[in-house]
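See structure below.
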Amino acid sequence: QVQLVESGGGLVQAGGSLRLSCAASGRILSTNSMGWYRQAPGKQRELVADIINSGSTNYADSVKGRFTISTDNAKNTVFLQMSSLKPEDTAVYYCKWVGMVDRTTVNYAYWGQGTQVTVSS
């Protein structure tokens, strides 16, 4: 079992910044990737950014140049630095961990509970 603890959400004015963090713990044999997704009311959950074990990153077009994803591998923690925030960024942000938890070599995915980010205009 892998548990993800998220923090850093809150209320911020447009143009401001927030830093989200997510720490994974539990039966972790290896990590394939970690990422951030978000879901606004009435919208589908969408990828914001992710990072694979090689260090390669992917970003949604809407956040490129404004958000940065990074990891502390020793602590199994992923961060999302959000700058120049816009009202359109308002959503619940979810952390996702993908990796192996047992000898089957199968990758499993686990989700955090989500943290609310609200950007006021």
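Numbers for the structure displayed
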item: Count - residues of the range 72-99 that are at pLDDT below 95 and in contact with a strand residue (DSSP E or B) (Cβ under 8 Å, 6 or more places away or on another chain); result: 4
item: K64 being in contact (Cβ under 8 Å) with a residue 24 or more places away in the chain, on the phi < 0 side of the Ramachandran plot and assigned to a loop (DSSP other than H, G, I, E, B); result: no
item: Within the range 108-121, tally of residues that are surrounded by fewer than 19 Cβ atoms within 10 Å (Cβ to Cβ) and either at pLDDT below 95 or in a loop (DSSP other than H, G, I, E, B) (or both); result: 3
item: Test: G55 is in a loop (DSSP other than H, G, I, E, B) and not β-branched (V, I, T); result: yes
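Here is a yes/no grid of residues against (1) part of a strand (DSSP E or B); (2) in contact with a Phe, Trp or Tyr (Cβ under 8 Å, 6 or more places away or on another chain); (3) open to solvent by less than 40 Å² (accessible area, probe 1.4 Å):
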residue	(1), (2), (3)
V12	yes, no, yes
G16	no, no, yes
R19	yes, yes, no
W36	yes, yes, yes
P41	no, no, no
D50	yes, yes, yes
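The values are calculated or read from the model by the stated rules, or taken from the named source; none is laboratory data. Predicted model only: the values in this text are computed from it and were never measured. Neighbour counts run over all protein chains shown; Cβ positions are idealised from the backbone, glycine included. Each accessible area value is taken on the protein alone, full model and side chains, heavy atoms only, with ligands, DNA and RNA left out. Shrake-Rupley method; radii C 1.70, N 1.55, O 1.52, S 1.80 Å.
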